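The values are calculated or read from the model by the stated rules, or taken from the named source; none is laboratory data. Model, not experiment: these values are computed from the prediction. Here the Cβ positions follow ideal geometry from the backbone for every residue, glycine too, while neighbour counts run over all protein chains shown. Just the protein is used for accessible areas: all its heavy atoms, side chains included, with ligands, DNA and RNA removed. Shrake-Rupley method; radii C 1.70, N 1.55, O 1.52, S 1.80 Å.
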Amino acid sequence: MRWQGQELGVVDADALPGMERIDGLVRSVTTPEFAGMTFHEVQCKSALNRVPGASAMPFDWTVNPYRGCSHACVYCFARGTHEYLDLDAGRDFDSQIVVKINVAEVLAREVNRGSWARETVALGTNTDPYQRAEGRYRLMPGIIGALTASGTPFSVLTKGTLIRRDLPLLRDAAASVPVSIAMSIAVADEHLRAAIEPGAPSFQARLDTVRAAADAGFRVTVFLMPIVPHLTDSVAVLDDALRRIKNAGAGRVVWGAMHLRPGVKPWFMQWLEREHPELVSSYRGLYPGAAVGAPKAYRSWLAQRVRPLLRMHRLNGAEEDDTPRLTPRPGAVVTTARGRAAAAAPMLF
């Protein structure tokens, strides 16, 4: 085990780039239990994050106890956020995990202020709160407790089966405040899942977690996202996935085609060239230049496949683009030096 950065605000010459002066850094830890991973434990100054005004997301507030994610999903939209720390959006995102060790205590102070309006807080919107690190740090029980005690509604979105540990706590919370649970389950074929989500639980393990949450009294939403063009978008694959999701007791499905944001696209395309080189030219056509989303024609084609299957399996469902959005609020856009450099660089794909 290794510790560094014992004093706050002091430069550590041996620290990873971007971590030398990270606010609140207490120590960085490696341990054989999590081979190849480093946990950077920080004392955060705030826990509640206000969603940027231009986001138009269907929630205003989030709490993210971790930055980076050991699920290592090659398509993860949050990869680019690691570049704010001068860490890369690829391997560093998977293995250099920032842990806000005091997040529950800070959150408790914030939600007990007189100015707090008890708006819904979303957990799991950036990186997964039930990734493997949660088994070590156990931050979520304190977060759930702080939100519940203050009368704050909240939602949890995860791929992690560790949420089963907290189902009794979540069930108790739901007796006091509105609580919703969603499980992200994208890839049914285990060989493909192990390649594209190497650190995440299996499709079946997540289905078992849906069943456990449903048995605990929750109406669980499954995010069948992303649907990966040419790999998980056939009728046979979608039919099998939706049948299994229905049998697991899910109450609702939200689905959508894959997005490839700037910080994600190069990493995903490297994976595609290595694992499925025959699809590279098709992806360059679907996601040309700086394009983030699949084209409208593809999304319409996909909808024609998914919607009849939802009806056949008697599942309530919605396309990601149909999800109600908040009215965008005006807000500043912050661009980092790395972001400006990336915007000026030529796109490779």
Exercise. Can you pull out the residues in the stretch 92-151 that are aliphatic (A, V, I, L, M) and within 30 Å of W267 (Cβ to Cβ)?
Worked result: I97, V98, V99, I101, V103, V121, A122, L123, A133, L139, M140, I143
Exercise. Does the stretch 211-231 contain any residue that is surrounded by fewer than 16 Cβ atoms within 10 Å (Cβ to Cβ), farther than 30 Å from L167 by Cα and free of Cβ contacts under 8 Å to residues at least 24 places away in the same chain?
Worked result: no
Problem set entry | Test: R305 is exposed (fewer than 12 other Cβ atoms within 10 Å of the Cβ), modelled with pLDDT of 50 or more, part of a helix (DSSP H, G or I) and basic (K, R) | no
Problem set entry | Filter result (open to solvent by less than 20 Å² (accessible area, probe 1.4 Å), over 17 Å from M37 (Cα atoms) and under 14 Å from the mean Cα position of the chain (by Cα)) within the stretch 83-140 | A122, L123, G124
Problem set entry | Residues that are assigned to a strand (DSSP E or B) and surrounded by fewer than 21 Cβ atoms within 10 Å (Cβ to Cβ), drawn from the stretch 62-80 | T62
For this session: Only one of these is part of a helix (DSSP H, G or I), open to solvent by 10 Å² or more (accessible area, probe 1.4 Å) and touching a strand residue (DSSP E or B) at 6+ places or on another chain (Cβ under 9 Å): R206, R171, R165, R193. Name it.
Result: R171
Exercise. Quick check: is even one residue across the stretch 255-276 among the β-branched types (V, I, T) and open to solvent by 10 Å² or more (accessible area, probe 1.4 Å)?
Worked result: no
Seminar exercise, completed: Conditions (1) part of a helix (DSSP H, G or I); (2) over 21 Å from R91 (Cα atoms); (3) under 23 Å from the mean Cα position of the chain (by Cα) -> A291 fails only (1)
Problem set entry | Only one of E83, E119 that is part of a loop (DSSP other than H, G, I, E, B), in contact (Cβ under 8 Å) with a residue 40 or more places away in the chain, of a type in the set (D, E) and farther than 27 Å from D208 by Cα | E119
